[in-house]
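What follows is a short report on a single structure.
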Amino acid sequence: MKILLIHQYAGNKGDRAVLYATCSIIKSIDSSIHISVSTSSPELWKGYSYYQEQQIEFIPSAWDYTRITHNKKYWNIINKIKKYTFTIMRESYLSHTSSLVNRFLINPSFFGKARRADLIISIGGHHFTTILSKDLVSSINFDAMAVMSMKKKTICFSQSFGPFDFHNPRNKKLTQKLLSNCSTLYPREEQSKKSLIELGVSTSLIKETYETVIFLNSLFPFHTQPSKREKKIGIAIYSTQRRSPEKHEAYIKTFSSFCDYAVEKGYKIVFFPMELKGTPPDDRVLIKEILSRVKQPNECTYIDKDMPTHEHLQEVAKCRIFIGHKTHSTIFALASGTPLIGIAYHPKTIEFMKQFNIEQYGINDDCLTSDILKNTFDCIENELDTIGENTFKKSQSISILLSNMLKHTL
């Protein structure tokens, strides 16, 4: 069996964890399955032993006209008119004539892998939404058009969908048709299910699930009570959020003030970057700004190297408490049974925490202040081991459920 995984974003450690978890589930079901991955930056996957051992291939996305080695003159011309190719593909797809043009507008590596694939899986994250790209004019819909035009069985596994705010009715119609033509859609929280239904997607296509990365609870054969761990707090900030200078300053003060408070209580602080080092959104820049304001810098540090997913989770599991602003940083804590304070830039974070009955430790980032963060921290300190044990057990059951769901799909 050949599977093509699409919509993988290479620079974010959360999306990288989604890929690792998805591949791990598939290979645990049948190690003979051949996996190819369409990713934003194939070169960022060089040197990872797991993918080499499993003979997993990485290829560019369908709308990538720069990573093509042959017939470069033609593809250079196409790249110059790239902004028009989406419209051409959209109108061809909506008029059922896309098979006539897709060979001329789809990256040939992608085209070949998709044509030979038995199943296409759009892997998790938060992709089908107009939050990240106006009207979903992006590689998300383009790549979906590419595989749908080949009439390939396609599922969206463990994703957030929406909100959808379209300005061009043709792009709304396109997204409706693409999602409606999937075999199954697996939203990972309730709000996504509502967004799909509001868009006009049939409920018969929707099956609720959990976040894929929770499967990686299987990396932990046993759970260490938080009270028996080193007195250490892990923090993952959100650096890619656009903020005014005033809000940027407030964000720095909130975390530097909290660090001072926690250090006074005897904790060490470790910041966990969630973007690859050296990439444009590298959050080490903002982390350093925060650390430059703390009173005792020797008690606060950050992880400088980019660890593989399994090592990253192992480090989170050493923390007594974790504070996560990036979505998958919160998932890492849940998967490892680490008491979590979740800072929500989107309702999905609170919904994930509700699945574990710890939503009282979620904070809407519009309301975030150092006092609220300190008070929430004081509350969670009082029941660390209960939270940790209950979270770990819930993750164990979800891990098994995710494996069975994907096994049924295959």
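The values are calculated or read from the model by the stated rules, or taken from the named source; none is laboratory data. None of the values given here were measured: they were computed from a predicted structure. Here the Cβ is made from the backbone with ideal geometry for all residues, glycine too, and neighbour counts use every protein chain on show.
Which of the following residues is part of a loop (DSSP other than H, G, I, E, B), surrounded by fewer than 17 Cβ atoms within 10 Å (Cβ to Cβ), modelled with pLDDT of 95 or more and not aromatic (Phe, Trp, Tyr): Glu230, Glu198?
Residue meeting the stated conditions: Glu230.
Every residue in the range 178-195 that is within 9 Å of Cys156 (Cα to Cα) and surrounded by 14 or more Cβ atoms within 10 Å (Cβ to Cβ), please.
Matches in the range 178-195: Leu179, Cys182, Thr184, Leu185, Tyr186, Pro187.
Applying the selection to the range 342-376, what residues are over 16 Å from Asn390 (Cα atoms) and charged (D, E, K, R)?
Of everything in the range 342-376, those that are over 16 Å from Asn390 (Cα atoms) and charged (D, E, K, R) turn out to be Lys348, Glu351, Asp365, Asp366, Asp371, Lys374.
Exactly one of these conditions fails for Val37: (1) under 21 Å from Lys152 (Cβ atoms); (2) in contact with a helix residue (DSSP H, G or I) (Cβ under 6 Å, 6 or more places away or on another chain). Give me its number.
Evaluating Val37 over (1) under 21 Å from Lys152 (Cβ atoms); (2) in contact with a helix residue (DSSP H, G or I) (Cβ under 6 Å, 6 or more places away or on another chain) leaves (2) as the failure.
In the range 99-151, which residues are among the aromatic types (Phe, Trp, Tyr) and out of contact with any helix residue (DSSP H, G or I) (no Cβ under 7 Å at 6 or more places or on another chain)?
Selection gives Phe104 alone.
If you go through the range 357-376 one residue at a time, do you hit one that is in contact with a Cys (Cβ under 9 Å, 6 or more places away or on another chain) and surrounded by fewer than 17 Cβ atoms within 10 Å (Cβ to Cβ)?
Yes, because at least one residue in the range 357-376 is in contact with a Cys (Cβ under 9 Å, 6 or more places away or on another chain) and surrounded by fewer than 17 Cβ atoms within 10 Å (Cβ to Cβ).
State yes or no: is Gly337 at positive phi and crowded, with 23+ Cβ neighbours inside 10 Å?
Here the answer is yes, as Gly337 does meet what is asked.
Considering each of Lys172, Lys193 in turn, give the residue that is modelled with pLDDT of 95 or more and either of a type in the set (Phe, Trp, Tyr) or within 21 Å of the chain's Cα centre (by Cα) (or both).
One residue alone meets the criteria, Lys193.
Does Thr254 satisfy the criteria of being out of contact with any strand residue (DSSP E or B) (no Cβ under 9 Å at 6 or more places or on another chain) and of a type in the set (Val, Ile, Thr)?
Yes; evaluated as a whole, the condition is true for this residue.
Read through the list (1) in contact with a Ser or Thr (Cβ under 7 Å, 6 or more places away or on another chain); (2) within 28 Å of Asp385 (Cβ to Cβ), then give the number of the only condition that Pro339 fails.
(1) is the only condition that Pro339 fails.
Which residues, counting only those in the range 210-234, are out of contact with any helix residue (DSSP H, G or I) (no Cβ under 7 Å at 6 or more places or on another chain) and among the β-branched types (Val, Ile, Thr)?
Thr224
Please determine, by comparing only the residues of the range 239-263 that are of a type in the set (Ser, Thr, Tyr) and at pLDDT below 95, which one is surrounded by the fewest Cβ atoms within 10 Å (Cβ to Cβ).
Across the range 239-263, the extreme among qualifying residues is Ser244.
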